[in-house]
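S.K.: Let me begin by handing over the structure; questions about it come next.
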Amino acid sequence: MNENVLVRVKDLKMHFPIRAGILKRTVGVVRAVDGVSFDILRGETLGLVGESGCGKTTTGRAILRLYEPTSGEVNFRGNDLASESAEEVRRTRRHMQMIFQDPYASLNPQMRVGEIIARPLRVHKLASNAREEKEMVADIMQKVGLNVNFRDRFPHEFSGGQRQRIGIARALATSPDFIVCDEPISALDVSIQAQIINLLEQLREDLGLTYLFIAHDLSMVRYLSTRVGVMYLGKMMEMSSADELYDSPLHPYTKALLSAIPIPDPPLERRRQRTLLAGDPPSPANPPAGCRFSTRCPIAVEHCRKVEPEFRLATEGHWVACHLV
């Protein structure tokens with residue numbers, strides 16, 4: 001594996017069984033993630049976007065082995081996580097962490113902030129004594145902009161933005177190389193979102209972190225991400241550098257998503273043509289044949305409805321899954 005590649009995902013699938021009846025027999029599967037492949041380079045931020053239910057969060061959790069992948073490979077620093085034992089994954093997890101979407105639900109309300117941040121240090125035995133642990137917690141709190149004197153407070157005593165800073169501090173406690181950011185700003189007020197984004201970017205530069213940034217706010221993803229991948233119904237539709245994806249999108253679904261971003265110029269906004277998609281996304285329990293997007297695609301032909309397109313390299317660094325591109 002290329003030494004610049006920190007995480008390599010190859011044909012990752014995450015299927016959840018549908019059970020029914022008294023005996024809870026399996027009557028089908030939800031194909032939440034259905035064969036995605038991509039690399040994440042050291043020091044970069046890979047943005048992952050798409051509609052709700054497209055499989056973004058499931059992909060992030062499967063990479064960290066919070067979900068047991070149905071099939072496929074997840075290589076982290078050259079080791080295949082999918083084949084590692086639970087103990088090996090526990091040791092590896094020190095180097096890969098997650099910032100959760102909801103800062104209200106992801107923090108234990110019965111634990112003080114200092115204990116929340118110190119817990120990963122204890123689990124991985126990173127502090128040799130109580131004094132060192134206290135110093136490490138204080139250092140981490142300062143890095144994320146939290147007052148060290150608040151270490152004995154409970155999560156409910158903080159605002160939403162401060163709680164998310166606590167979640168970031170907890171993720172940083174083990175000095176990880178890779179962090180999955182699962183929509184870390186979507187539950188926050190707009191006035192706080194920019195502060196958290198700027199903090200994440202500053203931490204990436206200062207600590208040499210690598211991010212998988214999952215979001216549905218496309219304008220925020222462009223600001224933070226080096227490259228962007230677009231998912232739809234468990235499949236990767238397009239991936240390229242952030243600037244190229246936003247300036248020269250190839251896939252019809254990407255074009256539709258980008259056309260929905262508001263422009264802060266009323267005359268230009270009125271003249272702009274939006275791509276309106278008909279209907280709702282199909283169920284991941286019963287995806288359509290051929291291209292997953294064919295049921296809503298404005299340019300789909302009969303071939304699209306029968307044959308699934310290959311996720312291929314269209315131009316240098318620009319991947320797309322579409323027959324008509």
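S.K.: Using the structure shown, decide if Ile192 is touching a helix residue (DSSP H, G or I) at 6+ places or on another chain (Cβ under 6 Å), part of a helix (DSSP H, G or I) and modelled with pLDDT under 95.
M.R.: yes
S.K.: Could you pull out the residue among Asp102, Asp34 that is modelled with pLDDT under 95, among the charged types (D, E, K, R) and buried (at least 20 other Cβ atoms within 10 Å of the Cβ)?
M.R.: Asp34
S.K.: Same structure again: So Arg90 passes all but one of these: (1) touching a His at 6+ places or on another chain (Cβ under 9 Å); (2) in a strand (DSSP E or B); (3) over 30 Å from Val320 (Cα atoms); (4) of a type outside the set (S, T, N, Q). Which condition number does it fail?
M.R.: (2)
S.K.: Still on this structure, please answer the following. Can you pull out the residues in region 204-222 that are among the acidic types (Asp, Glu) and either closer than 18 Å to Glu244 by Cα or touching a strand residue (DSSP E or B) at 6+ places or on another chain (Cβ under 8 Å) (or both)?
M.R.: Hit for region 204-222 is Asp217, nothing else.
S.K.: Still on this structure, I have one more. Looking at Ser240, Ser186, can you tell me which residue is of a type in the set (Ser, Thr, Tyr), touching a residue at least 60 places away in the same chain (Cβ under 8 Å), in contact with a Lys or Arg (Cβ under 8 Å, 6 or more places away or on another chain) and closer than 30 Å to Ser294 by Cβ?
M.R.: Ser240
S.K.: Same structure again: Which members of region 289-311 meet the condition of being over 24 Å from Ser259 (Cβ atoms) and loosely packed, with under 14 Cβ neighbours inside 10 Å?
M.R.: Of everything in region 289-311, those that are over 24 Å from Ser259 (Cβ atoms) and loosely packed, with under 14 Cβ neighbours inside 10 Å turn out to be Ala289, Glu302, His303, Lys306, Val307, Glu310.
S.K.: Also: Within region 315-325, can you find the residues that are outside any loop (DSSP other than H, G, I, E, B) and out of contact with any Leu (no Cβ under 6 Å at 6 or more places or on another chain)?
M.R.: Result: Thr315, His318.
S.K.: Right, something else. Quick one: count up the residues across region 210-229 that are at pLDDT 95 or above and either surrounded by fewer than 23 Cβ atoms within 10 Å (Cβ to Cβ) or among the basic types (Lys, Arg) (or both).
M.R.: 2
S.K.: If you scan region 120-141, which residues turn out to be assigned to a helix (DSSP H, G or I) and either within 22 Å of Leu199 (Cβ to Cβ) or in contact with a helix residue (DSSP H, G or I) (Cβ under 7 Å, 6 or more places away or on another chain) (or both)?
M.R.: Within region 120-141, Pro120, Leu121, Glu133, Glu135, Met136, Val137, Ala138, Asp139, Ile140, Met141 qualify.
S.K.: A further question on this structure: Residue pairs, Cβ under 9 Å, 6 or more apart or interchain, first in region 129-145 and under 16 Å from Arg112 (Cα atoms), second part of a helix (DSSP H, G or I) and among the aromatic types (Phe, Trp, Tyr). List them.
M.R.: Once the first residue is under 16 Å from Arg112 (Cα atoms) and sits in region 129-145, its partners that are part of a helix (DSSP H, G or I) and among the aromatic types (Phe, Trp, Tyr) give Met141/Phe150.
S.K.: Something else: With touching a residue at least 60 places away in the same chain (Cβ under 8 Å), closer than 25 Å to Val74 by Cβ and more than 17 Å from the chain's Cα centre (by Cα) as the only criterion, which of Thr210, Thr174 stands out?
M.R.: After applying the criteria, what remains is Thr174.
S.K.: Does region 50-66 contain any residue that is among the acidic types (Asp, Glu) and either modelled with pLDDT of 95 or more or in a strand (DSSP E or B) (or both)?
M.R.: No; the residues of region 50-66 include none that is among the acidic types (Asp, Glu) and either modelled with pLDDT of 95 or more or in a strand (DSSP E or B) (or both).
S.K.: So, one more: Give the number of residues within region 213-224 that are of a type in the set (Phe, Trp, Tyr) and touching a residue at least 40 places away in the same chain (Cβ under 8 Å).
M.R.: Summing the residues that are of a type in the set (Phe, Trp, Tyr) and touching a residue at least 40 places away in the same chain (Cβ under 8 Å) in region 213-224 gives 1.
S.K.: Among the residues of region 67-80, are any touching a strand residue (DSSP E or B) at 6+ places or on another chain (Cβ under 6 Å), farther than 21 Å from Ala169 by Cα, modelled with pLDDT of 85 or more and loosely packed, with under 15 Cβ neighbours inside 10 Å?
M.R.: yes
S.K.: Between Glu88, Glu115, which is more than 17 Å from the chain's Cα centre (by Cα), at negative phi and modelled with pLDDT under 95?
M.R.: Glu88
S.K.: Taking the residues in region 274-288 that are of a type in the set (S, T, N, Q) and farther than 17 Å from Pro249 by Cβ as candidates, determine which candidate is surrounded by the most Cβ atoms within 10 Å (Cβ to Cβ).
M.R.: The selected residue is Ser283.
S.K.: Here's another thing I want to ask about it. Only one residue in Val49, Val29 is out of contact with any Pro (no Cβ under 8 Å at 6 or more places or on another chain) and either touching a residue at least 60 places away in the same chain (Cβ under 8 Å) or among the polar types (S, T, N, Q) (or both). Which one?
M.R.: Every option except Val49 fails the conditions.
S.K.: Can I ask one more? Have a look at Tyr246, Tyr232 and point out the one that is touching a helix residue (DSSP H, G or I) at 6+ places or on another chain (Cβ under 7 Å), modelled with pLDDT of 90 or more, within 14 Å of Leu48 (Cβ to Cβ) and of a type in the set (Phe, Trp, Tyr).
M.R.: The unique qualifying residue is Tyr232.
The values are calculated or read from the model by the stated rules, or taken from the named source; none is laboratory data. Computed from a predicted model, the values in this text were never measured in an experiment. We place every Cβ from the backbone using ideal geometry, glycine too, and count neighbours over all the protein chains shown.
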